[in-house]
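The numbers here are math on the coordinates, done by the rules we state, and not lab data. Everything numeric here is computed off the predicted structure, so don't read it as measured data. No Cβ is skipped: glycine too gets one built from the backbone with ideal geometry, and neighbour counts run over all protein chains shown.
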Amino acid sequence: MPVRHRDLRLEREHGLTTGKITFGYWNIPFSWAEAFLDGTGTVLRWTGLWQWGLRHALEYRVREHRIRHERGKGGLSGYRILHLSDLHAEGISDGGRSLRERIRAIPADVCVLTGDFRYHEKGDGTAAVRLTASLFEGLTYKHGIYAVLGNHDSVRMVPQLESAGIRVLLNEGVAVERGGLRLWLAGVDDPHYYRLHDIDRALEGARPEDLKLLLAHSPDIAPEAAGRGVDVYLCGHAHGGQICLPGGVPIIANLRVSRKYFAGPWTHDRMIGYTSRGSGASGLPVRYFSHPEITIHIFE
Ligand SMILES: [Fe+2]
């Protein structure tokens, strides 16, 4: 990791806890966000909805997403990418037991994690990394496990994640060979709060004919990525709303781009994208009318 990037990230991480937090289009003082969440949690407990929300946050849905892209034809056919996002691991109320069981039943060639390992936005990330690593204990993926950082993660967690066998892509990419084709698997640093993403740098080394797959924490830079030649864009961040009205109608999208990119599959020009609804919950460990998600992307 370049020292300059690390230093800049640390400087902004310090700024987060003393200044304002980005929530969609708004920047609000960190202390206001904490007070709002405390108040909401109290109301949910008073109204008896708390336990229901905790249970719903463990009701995982496995969603299959088929990718049909001209660059992947033939060689990548049948290639399976297990995608988890927004684990917010130390906030999972059953310690990850149900999620671990579900993951074990899903074969994949590679696993990708699109950020937000940590429940809290500050403090030590050790517990989050330990719990994340425990989800994959005894599991192996032919092409490994790759990750990007989210707005809840500290750059200090990178060495811990990598020690646990999770390779973090901080504005960089790696080549994955399959069936005579090459997939360029790239990742950028958090584009939502820290804004330290560098798509061009992540694509350095990719050949024109490679299928370029970008991992980013949020869909905020999807239009920019399409303009830079990315073919497939995988992300998370919005949690499918996390706290929704009946029918899954989100109260807040928490994005700086159109709601078109909010959840599930979408396209931007020729780029194919997918926004995971996330496996975890942040702010409060509850979800309402918004199932947590495990995604398996399969190339056709
Ligand atoms: Fe998140």
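At most 16 other Cβ atoms within 10 Å and a DSSP loop assignment: could you name the chymotrypsin sites (Phe, Trp or Tyr not before Pro) in segment 57-125 that fit?
Numbers: sites: 60, 79, 117, 119; in loops: 60, 79, 117, 119.
Sparse-neighbourhood loop chymotrypsin sites (Phe, Trp or Tyr not before Pro): 60.
How big, on average over all directions, is the shadow cast by the Cα convex hull of segment 221-279, in nm²? Over all viewing directions, segment 221-279 projects a mean Cα-hull area of 4.0 nm². Based on C-alpha pairs under 8 angstrom that are at least 6 apart in sequence, the chain has a relative contact order of 25 percent.
Report the local net charge at residue 205: Lys and Arg +1, Asp and Glu -1, summed over other residues whose C-beta lies under 12 Å from its C-beta. Walk me through the numbers before you get to the answer.
Details: positive: 182, 201, 207, 212; negative: 172, 200, 204, 210.
Surrounding charge for residue 205 is 0.
Ratio of Rg to Rh for the chain: 0.94 [Cα atoms; Kirkwood radius as inverse mean 1/r over pairs]. In this simple spin-label approximation, residue 142 and residue 104 carry label points 7 Å from Cα along the Cα→Cβ vector, and these lie 2.3 nm apart.
Applying 0.36 nm per residue to the separation of residue 30 and residue 195 and subtracting their alpha-carbon distance, the gain on full extension is 57.6 nm.
Taking amide H atoms as placed 1.01 Å from N in the peptide plane, the amide H of residue 294 lies under 5 Å from those of 61, 62, 63, each 5 or more residues away in sequence or on another chain.
If you count Lys pairs in the chain whose Cα atoms are under 29 Å apart, skipping same-chain pairs closer than 8 places in sequence, the total is 7. Only loop residues by DSSP count here, and only those with at most 13 other Cβ atoms within 10 Å; note down the GluC sites (Glu not before Pro) in segment 196-289 that meet that. Passing sites in segment 196-289 are 204, 209. What is the sum of charges around residue 90, taking Lys and Arg as +1, Asp and Glu as -1, for the other residues whose C-beta is under 9 Å from the C-beta of residue 90? My count for the surroundings of residue 90 gives +2. Label sites at residue 124 and residue 94, each approximated as a point 7 angstrom past Cα along Cα to Cβ, lie 2.8 nm apart.
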